[in-house]
Amino acid sequence: MHQPHAEPRRSIYYDYQVFDAWLPSAHPALEACTAPVVIAGAGPIGLVAALELARHGVQCVLLESERQVSEGSRAIVFTRRSMEILQQVGVADRISQNGLPWRFGNSFYKGQRVFRMEAPHDADDRFFPMINLQQQYLEEYLLDAVRAQPLIDLRWGNRVTELSQHAEGVTLTVDTPEGPYTLNAGWLVAADGARSGIRSHMDLKLEGNSYEGRFVIADIRVDLPLPTERLAFFDPDWNPGNNVLMHREPHGIWRIDYQLPADETPEQALAPESLKSRIDAQLAMVGHAGVPWEMDWCSVYSARALTLPDYVHGRVLFTGDAAHLLPIFGVRGANTGFQDAQALAWRLALVSKGAAPAKLLDSYSQERVGAAREIIEEAGKSTRFMTPPTPGFRLLRDAVLSLSLTQPFVGPLYHWRTSRPHEYRQSSLNATGDDNLLFKAGPANGAPPQNVQLGADDYLLDHLDHSVTLLYFTSGAELPPALLAEVAACRERGVPVRVVAVGASQPVVGAELTLPDTQGRVRARYGVLAGGAAYLLRPDQHVCARWMSLDATRLRAALNTVTCLEGEAA
């Protein structure tokens, strides 16, 4: 019988709430029902997946084994692309209001700053490159959005213990504080985290590397007059041969991550006297010796770069940390998971509604496994620099540290290769008969869209929704009837398609929305030279086709390709 923790977690800044467990005896009519989708895990990735499915009109049951949000700050840095995804599910404004935006990262060696990273930011970006907010608050905001969504049935204190697949779906055994019940699902999304019970139950193995370096995460409340920037310290006197990272968090909290000696156990590292001596030493190193501080939460983690080779296993789909484990250097964990959730939800919605074949889900695995492998390759470089795995790597790293004191050219070797939105250039959903290679600017096939400021508080991405979107550039009064006929035919198959006309001064007949673009900012950013050009965006906003001049035949082919339907070649 599953008995989740029933006492509020301790925190000096966050007020934890314990939610009532969902008990089968209180819902006898629901036990025998079949849910279109069940999501296991109501962390940030599971919550975003549920909200994305709801945007597509798909009901889901969301199971969470605990009865409160996560313990500790955990994921604290969210990237611009993550904020664009979180905007779609309705929580970006609250994060912006309460988080700490930033764009600079600093690396120090022997008291000298040897590298300063500057993330790009301009007027066309609604969000900063990064924003810091503790994971508890993010989950709270997402939970508020879930509670406002009638298509999501959130069940606290429910843990999947067994599952079996069949032709029509998955049968789950779900344990609760009063015992187990059976739940049938058309599809099961495993978003149950790094220690995924579903992954273990299915005996699936992650591939990749685990690194020897272990780090302590310590969240402390302390008053430091330092900017909201990433601070990285290499080989400090108090932690020779190792590294320390610092981040400011809201509510007067600072995150300090420091690497442990190879022979130190987690138990030794988390002993109060060990924590105090090391944190005192770090505060002294940044010029604030003796400043009072208070511990909120601490833990130990290891850097790992692992992924499942396939995220689709019959009717079970993996996402987030259940699918891959990535080093935190470069804020890759949750930020990668948000992209997973968005990429999965639109496909699963079309498949579950019968508007697309199940093979559409294969492209989710292909794209996101490919993204994970790219991240692992990039993260490996950062991780090997932060935690050299062999004497040879350490010798090279130490040489870079020494040279950086006098030779600025080695500074970029400190770059931590931050998380980035992935471009699915080789995706099977990209059109093959379009004009992608003719464009001199704008997002290419497979890339996420580029935002454009349209007004004082108005941006292009504000106008995108869950649909396949045709951005059609025109100054005319109406869209070509042949194009509208193809859009209508796609809609009749159950695929939501939305047409946004860009450039006309008056509403364009046939378009759901017209954006005037009086200064030509959208046309310039998207490399459009004349009317009749167009971009086709998937529901996750990634480009899947673009044309200098669009006709009905090419639009039909692209719509068929992005939904994995047979159609006429372009």
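The values are calculated or read from the model by the stated rules, or taken from the named source; none is laboratory data. Every value quoted in this text rests on a predicted model; they were computed, and no experiment measured them. A quick note on method: Cβ atoms are made from the backbone with ideal geometry, for glycine too, and the neighbour counts reach across all protein chains shown.
All of (1) of a type in the set (S, T, N, Q); (2) surrounded by fewer than 22 Cβ atoms within 10 Å (Cβ to Cβ); (3) in contact with a helix residue (DSSP H, G or I) (Cβ under 7 Å, 6 or more places away or on another chain) hold for residue 319 with one exception: (2). Considered as a group, the residues in segment 443-471 that are more than 23 Å from residue 551 (Cα to Cα) and out of contact with any helix residue (DSSP H, G or I) (no Cβ under 9 Å at 6 or more places or on another chain) include one that is surrounded by the most Cβ atoms within 10 Å (Cβ to Cβ), and that residue is 459.
Each row is one residue, and each column tells you yes or no for (1) hydroxyl-bearing (Ser, Thr, Tyr); (2) at pLDDT 95 or above; (3) farther than 30 Å from residue 345 by Cα; (4) touching a Gly at 6+ places or on another chain (Cβ under 6 Å).
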| residue | (1), (2), (3), (4) |
| --- | --- |
| 413 | no, no, yes, no |
| 425 | no, yes, no, yes |
| 430 | no, yes, no, yes |
| 449 | no, yes, no, no |
| 464 | no, yes, no, no |
| 470 | no, yes, no, no |
| 473 | no, yes, no, yes |
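The set of residues in segment 536-559 that are touching a Cys at 6+ places or on another chain (Cβ under 9 Å) and of a type outside the set (A, V, I, L, M) comprises 538, 556.
Give the residues of segment 128-163 that are of a type in the set (Ser, Thr, Tyr) and in contact with an Asp or Glu (Cβ under 8 Å, 6 or more places away or on another chain), sorted by residue number.
Correct list: 161 only.
Against the conditions (1) touching a Lys or Arg at 6+ places or on another chain (Cβ under 9 Å); (2) assigned to a helix (DSSP H, G or I); (3) basic (Lys, Arg), residue 420 satisfies every one except (2). In this structure, residue 478 qualifies as of a type in the set (Asp, Glu) and surrounded by fewer than 21 Cβ atoms within 10 Å (Cβ to Cβ).
Yes or no, residue by residue, for (1) touching a Leu at 6+ places or on another chain (Cβ under 9 Å); (2) modelled with pLDDT under 95:
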{"site": "90", "(1), (2)": "yes, no"}
{"site": "107", "(1), (2)": "yes, yes"}
{"site": "117", "(1), (2)": "no, yes"}
{"site": "124", "(1), (2)": "yes, no"}
{"site": "133", "(1), (2)": "yes, no"}
{"site": "146", "(1), (2)": "yes, no"}
{"site": "150", "(1), (2)": "no, no"}
{"site": "162", "(1), (2)": "yes, no"}
{"site": "176", "(1), (2)": "yes, no"}
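Checking each residue in segment 226-271 for being touching a residue at least 12 places away in the same chain (Cβ under 8 Å) and part of a helix (DSSP H, G or I) picks out 266, 269. Against the list (1) under 26 Å from residue 13 (Cβ atoms); (2) touching a Leu at 6+ places or on another chain (Cβ under 8 Å); (3) of a type outside the set (A, V, I, L, M); (4) not in a loop (DSSP other than H, G, I, E, B), the condition residue 288 fails is (4).
Could you tell me whether residue 20 is without any contact (Cβ under 8 Å) to a residue 40 or more places away in the chain, under 23 Å from residue 137 (Cβ atoms) and among the acidic types (Asp, Glu)? When the stated conditions are applied, residue 20 does not pass them.
Taken over segment 14-36, the criterion of being out of contact with any Lys or Arg (no Cβ under 6 Å at 6 or more places or on another chain), surrounded by fewer than 18 Cβ atoms within 10 Å (Cβ to Cβ) and at pLDDT 95 or above is satisfied by 15, 17, 20, 23. When the residues of segment 252-263 are narrowed to those that are out of contact with any helix residue (DSSP H, G or I) (no Cβ under 7 Å at 6 or more places or on another chain) and surrounded by 14 or more Cβ atoms within 10 Å (Cβ to Cβ), which ends up farthest from residue 298 (Cα to Cα)? Among those residues, the one meeting the criterion is 252.
Evaluated against (1) under 23 Å from residue 462 (Cα atoms); (2) touching a residue at least 40 places away in the same chain (Cβ under 8 Å); (3) not β-branched (Val, Ile, Thr), residue 157 falls short on exactly one condition, (1). The residue that is nearest to residue 108 (Cα to Cα), among those in segment 184-237 that are acidic (Asp, Glu) and either at pLDDT below 95 or surrounded by fewer than 22 Cβ atoms within 10 Å (Cβ to Cβ) (or both), is 235.
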